[in-house]
Amino acid sequence: MIKSDITIDAKGLACPMPIVKTKKIMKEVNPGSVIEVQATDKGSTADLKAWSESTGHDYLGTVEEGDILKHYLRKMSEQETEEKKHPYTIQNEELKSLLEKDHNTLVIDVREKAEYAFTHVPGALSIPLGELEDRMHEVEKDKDIYVICRTGNRSDIACQKLTHAGFEQVINVIPGMNQWK
């Protein structure tokens, strides 16, 4: 059994709520504290791992107990946890206009497959955030890459990963699919 200093109940919540609750608690606990985030959303594993990486906190791992995922994170000191944001963004409406004119664009949807199945940008490539590192070979480096998720959080993390891997024209689409018309 893993000992944690605090437990967060995020069961039944979808992205970005497990991250929002974790971020709030992370501000209140001391560096070195271990936080257990209990969630039922399968996408929360990739989301919390990626969020931890982008903020400098330690993602320790996830334990499955039935339908409950118990994610363990360790708070790092403030000097180590400056949250990084991808500097290049575009609004939903601007992307729609671009897609009507430009054929050298690639839209990558980093939401989970079930989210993508219900609604997505026409022609978007579905690569859930948790699969991105293993599937980067599917992404064409010579295209302008627009990354979208539900709210802009997962796509921000994906943009950072793509840029770190050497992709140059990577743009985060905000506010994302929750306001796509």
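Listed values, structure above:
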{"quantity": "Residue match in segment 110-133 (condition: of a type in the set (Gly, Ala, Ser), touching a Ser or Thr at 6+ places or on another chain (Cβ under 9 Å) and in a helix (DSSP H, G or I))", "calculated": "yes"}
{"quantity": "Qualifying positions in segment 1-31 - farther than 17 Å from residue 64 by Cα and acidic (Asp, Glu)", "calculated": "5, 28"}
{"quantity": "Residue within segment 154-162 that is at pLDDT 90 or above, out of contact with any Lys or Arg (no Cβ under 9 Å at 6 or more places or on another chain), over 22 Å from residue 102 (Cβ atoms) and not in a helix (DSSP H, G or I) present", "calculated": "no"}
{"quantity": "Residue 161 being buried (at least 17 other Cβ atoms within 10 Å of the Cβ), more than 13 Å from the chain's Cα centre (by Cα), under 27 Å from residue 27 (Cβ atoms) and among the charged types (D, E, K, R)", "calculated": "no"}
{"quantity": "Residue tally, condition charged (D, E, K, R) and in contact with a Gly (Cβ under 9 Å, 6 or more places away or on another chain), over segment 86-127", "calculated": "3"}
{"quantity": "Residue match in segment 69-80 (condition: of a type outside the set (Val, Ile, Thr) and under 20 Å from residue 111 (Cα atoms))", "calculated": "yes"}
{"quantity": "Flag if residue 56 is within 19 Å of residue 156 (Cβ to Cβ) and in contact (Cβ under 8 Å) with a residue 24 or more places away in the chain", "calculated": "yes"}
{"quantity": "Residue 171 vs. criteria more than 20 Å from residue 43 (Cα to Cα), touching a Phe, Trp or Tyr at 6+ places or on another chain (Cβ under 8 Å), not charged (D, E, K, R) and not in a loop (DSSP other than H, G, I, E, B)", "calculated": "yes"}
{"quantity": "Qualifying position, being touching a Leu at 6+ places or on another chain (Cβ under 6 Å), closer than 17 Å to residue 54 by Cα and not assigned by TED's automatic domain parsing to the domain that holds residue 61, among 170, 147", "calculated": "170"}
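The values are calculated or read from the model by the stated rules, or taken from the named source; none is laboratory data. Fair warning: this is a prediction, and the values are worked out from it, not measured in the lab. FYI the Cβ positions are ideal-geometry reconstructions off the backbone, even for glycines, and counts take in every protein chain you see.
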